[in-house]
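Novice: First the structure, which I've put down as structure tokens, then a few questions once you've had a look.
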Amino acid sequence: MALTAEEQVYIEQLYDDLIKSAKRLKTEEDIAFVRKAFELANKAHSKMRRKSGEPYIIHPIAVAKIVASEIGLGRKSIASALLHDVVEDTDYTVADIERMFGPKIASIVEGLTKISTILDQDASKQIENFRKMLMTMSEDIRVIMIKLADRLHNMRTLDSMPEYKQIKIASETSNVYAPLAERLGLYAIKTELEDLSMKFTNPTAYNEITKKFHETEEERNKYIKDFIKPLKKIMDDNGIECKIKGRLKSVYSIWHKMQKQNIPFEDVYDLFAIRIIFNHPDDMTDDKARETCYRIMSLITNVYEYHPGRIRDWVKKPKPNGYEALHITVMGPQGKWVEIQIRSRKMDDIAEKGIASHWKYKTGEKGNNPGLNSLIENMKETLSNTEGSFDFLDDFKLDIFTKEIHIFTPKGEIVDIPKGSTVIDFAYDIHTDVGNHAIAAKVNHKMAPLSQVLYSGDQVEILTSKKQMPKIEWLNFAMSAKAKAQIKKALKADKSADIDKGKRMFEKKQKELNISFDFKDMRKMREKLEVGSDDDIFFMLGSGQLKENDFSELMTLIDSQKTNKDGFFSKFWKLGIGDSDNKNEKISHKNTFVINDDEKRFSLATCCNPIPGDEVVGYITLNNTVIVHKKDCPELKTLAATHGEKIVAIEWESYKGKSYEVQIDIEGVDHLGLVYNITKLISQEANVNSNMLHFETHGEIFTGKINLFVQNKFNLDDLIRKILEVDGVIKVSRCE
Ligand code: MN
């Protein structure tokens, strides 16, 4: 529903409000930039409404306002906040954003979109992992801050959501977002998130405590007034300019205390804290401010007794998120313990809005690390230039300097693997068997090859097949020592078994054919097969690359050369290998090589597995046979580049009586009967056979691999077409 004129006016008012509250927007240019973002967001969301019925754009404006006034961020963050739902909910893409607002805004908006997709998955059980993920996936802390603002506004307006959603969103908020806000030092937001969350997850207790707060308000205010009076006097007498006020603790923190100590509301002694916030003029150094904290503490102890076990010195040792303050607990009137928090105005601001609003990069201190520098560059740009030297980045350094990345399993568990690792490394890290049988992976629910490089925060599921064996190419992209060692081991074990098998076959053949091979014969054999060692011969034989019959023929041939001076071919063909007369003619690359049922001087390349009907060309070998490759086979391209004169055109006239093995991949949406329908289809095809089916489902998605024996490409294409018609199948492709 389009916006009414009234709504349009209201939206402009909200926008003006946002601009007024954004103290960091200083120049005309800043304002124009934010306006541009607002206009795009307004246009993109113009037909959308929130659950409450109000125009959708009200939400991004509110989020931007939180970002500007409650977190204190600058124009890029404000613009990104305005745009934060554009990519997720409308037709605009990250590329559009980049074109209009540059790469930085685009990457922030992309990060925000990515976080929401991850949050839609059920990962709330793995809170710590989850927070870790949020931390590591964002190169820019602003992404998380804007996300927090987004969540805060959603929590403030959660009333309009259906109840089951309220509960889910509220628990996620207290489990994930509130701790995250705390870690970033955004205490005001953390507290509000906790309270709002409790309001929905535990309304009874929430209402009870709120009611009691209210009932005791008058009495409490009087107590606070009496308590503050002598403090104010001693501060004035000593020339310390400060504000002293009582602050009610949050509903959530009171409730938490009641639970933890198992006490009723009435027994919670610290319903409030006193906060002393002293002036921090521009010429006051941070050290001076810290000193002042201690001075104030000592003045307080002239008035009230303090509890020696309850001093919290966040001045000497600030929290990793930048929080600085001195907390002491003193004995007030009526024998009540009262907590006093001592802070400078700047410390207070940081505690409320987070360090980002005050952060400043000090040149020289840690200017040497490129990773840290780029982070600093990102932040420096938008962060204010007011004084400050807090080591806010301490916590983040870990993630920047780390050589490890955090990968999530489908169940949400974390696996730490070295930076630069690929899918195959991860597979071997899980288990050797998983590695050995890995065929592909789903990275963030998208199909990905074993060679894909992984990044922190990726969720990876390895797809396996019992038929799969480690491949020598894997060594090209396996990074970890573990994966490499296991692949080599498996290849070796695999090879030596085949070598043994080949050796036995060879011995048997010698007896069968009554031939005895000496080392010279073996050398000839190696030359014919173009391999370097006898083991290579046995391996070819044992692994089935070299057919037993062909091997027998070759042995007979070599043996015949020992006695028959006629040479190689006469005996070869006499043995009936090429039984038609013209077949010992030299194959010329000038003539098209025709494959028909009589033609036997060819073999099919194992690199690209062509089948009749594919676009093919041939490569003429030294012993006058042709190896048939697909035209687009990379191996063929290499051969053609160096031995162009050996490439021959091929016409595949007909070639019956043989089936060819191909593998197809299927992807689709899982539903009952799908696998059955596919297998039924295959079994009904007269010209097709299958020896391996492998199906896996992942939530709604299923993937399958099928080994097929077909007579030609037409059989295969026909079958692929039919499988595509099966309800639920999305994609069918022939494996290369
Ligand atoms: Mn949003």
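Novice: Hey, can you rank 526-533, 31-38 by average C-beta count inside 10 Å, highest first? Numbers along the way, then the final one.
Specialist: Details: 526-533: 13.2, 31-38: 18.2.
So the peptides 526-533, 31-38, ranked by packing, come out 31-38, 526-533.
Novice: Once the whole set of protein chains is in place, how much accessible area is left on H629, using a 1.4 Å probe, in Å² to the nearest 10?
Specialist: 10 Å²
Novice: Please work out how much accessible surface W474 shows to a 1.4 Å probe, ignoring ligands, DNA and RNA, in Å² rounded to 10.
Specialist: For W474, the solvent-accessible surface is approximately 10 Å².
Novice: Of K212, K336, which has the most accessible area and how do the rest follow, probe 1.4 Å?
Specialist: Working: K212 45, K336 85 Å².
Descending accessible area places them as K336, K212.
Novice: Starting from the Cα gyration tensor of the stretch 219-299, take the square roots of the eigenvalues, sort them a ≥ b ≥ c, and report rounded, prolate or oblate (rounded when a/c is under 1.5, otherwise prolate if a/b is larger than b/c, else oblate).
Specialist: prolate
Novice: Continuing with this model, one more query. Sort L491, L25 by heavy-atom solvent-accessible area, probe 1.4 angstrom, most to least. Walk me through the intermediate numbers first.
Specialist: On the way: L491 40, L25 20 Å².
So, going from the largest accessible area down, we get L491, L25.
Novice: What is the distance in Å between the Cα centres of the stretch 1-72 and the stretch 706-736?
Specialist: After rounding, the separation between the Cα centres reads 52 Å.
Novice: Extending each Cα 7 Å along its Cβ direction at A649 and E215, get the distance between those two points in nm, one decimal.
Specialist: In this crude label model, A649 to E215 measures out at 9.9 nm.
Novice: Here's a follow-up. For the stretch 593-652, what does the relative contact order come out to in percent, with C-alpha contacts under 8 Å and a separation of six or more?
Specialist: Numbers: 88 pairs, mean separation 24.7, N = 60.
Relative contact order here is 41 percent.
Novice: Then there is this: Under a plain spin-label model, where a point goes 7 Å from the Cα along Cα-to-Cβ, how far apart in nm are K489 and E208?
Specialist: 5.9 nm
Novice: Using only Cα atoms, what Kirkwood radius does the stretch 5-186 have, in angstroms? If you can, show how the numbers build up before the last one.
Specialist: Values: mean 1/r = 0.0602 Å⁻¹.
For the stretch 5-186, the Kirkwood estimate is 16.6 Å.
Novice: Here's another thing I want to ask about it. What percent do you get for the relative contact order of the stretch 586-714 when only Cα pairs under 8 Å and 6+ apart count?
Specialist: 27 percent
Novice: Which trypsin sites (Lys or Arg not before Pro) does the stretch 451-523 hold that lie in a coil by DSSP with at most 12 other beta carbons within 10 Å?
Specialist: Working: sites: K466, K467, K471, K482, K484, K488, K489, K492, K495, K501, K503, R504, K508, K509, K511, K520, R523; in loops: K466, K467, K471.
When the trypsin sites (Lys or Arg not before Pro) of the stretch 451-523 are filtered for loop state and at most 12 Cβ neighbours within 10 Å, K466 remain.
Novice: While we're on this one: Note the full-extension length gain between R734 and F709 as 0.36 nm times their separation in residues minus their Cα-Cα distance, in nm to one decimal. List each step's numbers first, then the result.
Specialist: Working: separation 25, 0.36 × 25 = 9.00 nm, distance 1.24 nm.
Full extension of this stretch gives 7.8 nm more.
Novice: Which one of V729, Q711, V662 is farthest out on the positive end of the charge dipole of the stretch 660-734, using unit charges on Cβ (Lys, Arg +1; Asp, Glu -1) and the Cα centre as origin?
Specialist: The residue sitting most towards the positive pole is Q711.
Novice: Given the C-alpha centroids of the stretch 583-616 and the stretch 448-506, what is the distance between them in whole angstrom?
Specialist: Each part reduced to its Cα centre gives a spacing of 32 Å.
Novice: So for R156, R734, what's the accessible-area order with a 1.4 Å probe, most first? Let's see the in-between values first.
Specialist: On the way: R156 90, R734 45 Å².
Reading off the accessible areas and sorting them downward yields R156, R734.
Novice: Note the full-extension length gain between H445 and R310 as 0.36 nm times their separation in residues minus their Cα-Cα distance, in nm to one decimal. Please report the intermediate quantities before stating the final value.
Specialist: Numbers: separation 135, 0.36 × 135 = 48.60 nm, distance 5.03 nm.
In short, 43.6 nm is gained.
Novice: Per 0.36 nm of contour for each residue apart, how much would the distance between Y455 and D597 grow if the chain were fully extended, relative to their Cα-Cα spacing? Provide the component values of the computation, followed by the final result.
Specialist: Numbers: separation 142, 0.36 × 142 = 51.12 nm, distance 5.28 nm.
So the chain would gain 45.8 nm between Y455 and D597.
Novice: Compute and list, largest first, the equivalent-ellipsoid semi-axes of the stretch 593-652 from the alpha carbon gyration tensor, each √(5λ) rounded to a whole angstrom.
Specialist: Working: eigenvalues 56, 37, 17 Å².
Largest first, the stretch 593-652 gives 17, 14, 9 Å.
Novice: Under a plain spin-label model, where a point goes 7 Å from the Cα along Cα-to-Cβ, how far apart in nm are T409 and D665?
Specialist: With each label placed 7 Å out from Cα toward Cβ, I get 2.5 nm.
Novice: Quick check of the Kirkwood formula: for the stretch 213-353, what is the inverse mean of 1/r over all pairs of different Cα atoms, in Å?
Specialist: Numbers: mean 1/r = 0.0630 Å⁻¹.
Across the stretch 213-353, the inverse of the average 1/r is 15.9 Å.
Novice: Report, in listed order, any pair from K47/K114; K680/K722; K114/K446; K190/K222 with a Cα-Cα distance greater than 19 Å.
Specialist: Numbers: K47/K114 24 Å; K680/K722 11 Å; K114/K446 14 Å; K190/K222 29 Å.
Violating the 19 Å Cα-Cα cut-off are K47/K114; K190/K222.
The values are calculated or read from the model by the stated rules, or taken from the named source; none is laboratory data. All values reported here derive from a predicted model rather than from experimental measurement. FYI the Cβ positions are ideal-geometry reconstructions off the backbone, even for glycines, and counts take in every protein chain you see. For the accessible areas, the whole protein counts, side chains as well, though only heavy atoms, and no ligand, DNA or RNA atoms are used. Shrake-Rupley method; radii C 1.70, N 1.55, O 1.52, S 1.80 Å.
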